[in-house]
Amino acid sequence: MITKCIFPVAGYGTRFLPATKSQPKEMLPVVNKPLVQYGVEEAMEAGLVDVGFVTGRGKRTIGDHFDISYELEHQIKGTSKEHHLDGIRNVLDNCNFLFARQREMKGLGHAILTGRGMVGEHPFGVILADDLCITEEGDGVMAQMVKLYKQFRCSIVAIEEVPEDQVNRYGIVSGELIRDGLYRVVDMVEKPQPKDAPSNLAIIGRYILTPDIFDILENTPPGANGEIQITDALRKQCQDGVVLAYKFRGRRFDCGSIDGFVEATNYCYENLYKKGRL
Ligand code: UTP
């Protein structure tokens, strides 16, 4: 079954400068946990324990985070602070980590293609850690999508409705409703102007992709912003076969933006940290 998940973490995070000048955006903490750890825990919960990071320059601390810190372990052992490491230790005990380097930032599609060697000919998940997804009850978003994959065996994108004036920030899908919250994608377009958008259903940072996407990506020319867009490759996939769009259960915070990051921090502090769940 699906055990692999790609984390594209090579982006520059310019919206968070100067904080991201020498540290990755994905290591910014929401309360007391780095964004990327939330994402890896969501993958792990879904059974995606083979975690592949597509990294770039300046991202070394991500590798360090998912490794043992002997000095710290030694220092903290037997003290009242030891429990702070429980979460990350659990991740380290249960996941395998691989790294691939994206040398030039040519877009999300290119980042995913860079992860090909870590995935091989298997279906895989993709998590953009700067989209923080919280489900307080039941399955996390990736686990919900894995269940769907087991039933439909095709690529699946997570979607949510966004205000019309924000469609130009996302890949937007149009689709035929199959059942409540599940669409068969008919078309998709990356960052359309509101007047050209086929709907307000926006793709967020969770995907399950079948491995034929790699050959399609190889042949996908740069699109919006001059980048190789995963949305363009998925459009080809949905023309030749089936791609599903799934309105997930839970809340998504756009932690790639300052507003979304602050909102996520407030939400997690009130709803997770104060209730002893962080
Ligand atoms: P973003 O569009 O949020 O770009 O990428 P960014 O560079 O991280 O942030 P800003 O816009 O400069 O503030 C979405 C996701 O895709 C990854 C990013 O790391 C982020 O998780 N990405 C994007 C890559 O890994 N490689 C790329 O070439 C582009």
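The values are calculated or read from the model by the stated rules, or taken from the named source; none is laboratory data. Everything numeric here is computed off the predicted structure, so don't read it as measured data. Every residue, glycine among them, receives a Cβ derived from its backbone with ideal geometry; neighbour counts consider all protein chains shown.
Take the residues in region 16-59 that are modelled with pLDDT of 95 or more and charged (D, E, K, R); name whichever of them is farthest from N266 (Cα to Cα).
The extreme case among them is D50.
Can you find a residue in region 258-278 that is in contact with a Cys (Cβ under 7 Å, 6 or more places away or on another chain), of a type outside the set (S, T, N, Q), modelled with pLDDT of 95 or more and closer than 28 Å to T135 by Cβ? Even if it seems obvious, please write down each step before you answer.
Filtering region 258-278 for residues in contact with a Cys (Cβ under 7 Å, 6 or more places away or on another chain) gives 261, 264, 278.
Narrowing the set further to residues that are of a type outside the set (S, T, N, Q) leaves 261, 264, 278.
Filter once more, so that each one left must be modelled with pLDDT of 95 or more: 261, 264.
With closer than 28 Å to T135 by Cβ added as a condition, the list becomes 261, 264.
So far as region 258-278 goes, yes, one or more of its residues are in contact with a Cys (Cβ under 7 Å, 6 or more places away or on another chain), of a type outside the set (S, T, N, Q), modelled with pLDDT of 95 or more and closer than 28 Å to T135 by Cβ.
Taking region 5-22 only, how many residues are within 9 Å of the ligand (Cβ to nearest atom) and touching a Gly at 6+ places or on another chain (Cβ under 6 Å)?
So the count comes out to 2.
Which pairs have Cβ atoms under 6 Å, sit 6 or more apart or on different chains, and link a residue in region 112-134 that is farther than 16 Å from R153 by Cα and within 11 Å of the ligand (Cβ to nearest atom) to one that is at pLDDT 95 or above and assigned to a loop (DSSP other than H, G, I, E, B)?
T114/Q102; D130/C255; D130/G256
Taking the options G39, G87, G63, name whichever one is in a helix (DSSP H, G or I), within 13 Å of the ligand (Cβ to nearest atom) and of a type outside the set (D, E).
After ruling out the rest, the residue left standing is G39.
For region 142-164, indicate whether the set of residues that are free of Cβ contacts under 8 Å to residues at least 60 places away in the same chain, in contact with a helix residue (DSSP H, G or I) (Cβ under 6 Å, 6 or more places away or on another chain), under 30 Å from N225 (Cα atoms) and more than 16 Å from the ligand (Cβ to nearest atom) is non-empty.
Yes, that holds for at least one residue.
Does region 69-80 include one or more residues that are touching a residue at least 12 places away in the same chain (Cβ under 8 Å) and surrounded by 13 or more Cβ atoms within 10 Å (Cβ to Cβ)?
No, every residue in region 69-80 fails to be touching a residue at least 12 places away in the same chain (Cβ under 8 Å) and surrounded by 13 or more Cβ atoms within 10 Å (Cβ to Cβ).
Going through A143, A129, A111 one at a time, which residue ends up being touching a Leu at 6+ places or on another chain (Cβ under 7 Å), modelled with pLDDT of 95 or more, within 23 Å of A264 (Cβ to Cβ) and not aromatic (F, W, Y)?
Going through A143, A129, A111 in turn, just one is touching a Leu at 6+ places or on another chain (Cβ under 7 Å), modelled with pLDDT of 95 or more, within 23 Å of A264 (Cβ to Cβ) and not aromatic (F, W, Y): A129.
Sort out for me the strands (runs of 3 or more DSSP E) sitting completely within region 193-278 that have 3 or more residues that are within 16 Å of Y38 (Cα to Cα) and either touching a residue at least 40 places away in the same chain (Cβ under 8 Å) or out of contact with any helix residue (DSSP H, G or I) (no Cβ under 9 Å at 6 or more places or on another chain) (or both).
Of the strands (runs of 3 or more DSSP E) lying wholly inside region 193-278, those with at least 3 residues that are within 16 Å of Y38 (Cα to Cα) and either touching a residue at least 40 places away in the same chain (Cβ under 8 Å) or out of contact with any helix residue (DSSP H, G or I) (no Cβ under 9 Å at 6 or more places or on another chain) (or both) span 201-209, 251-254.
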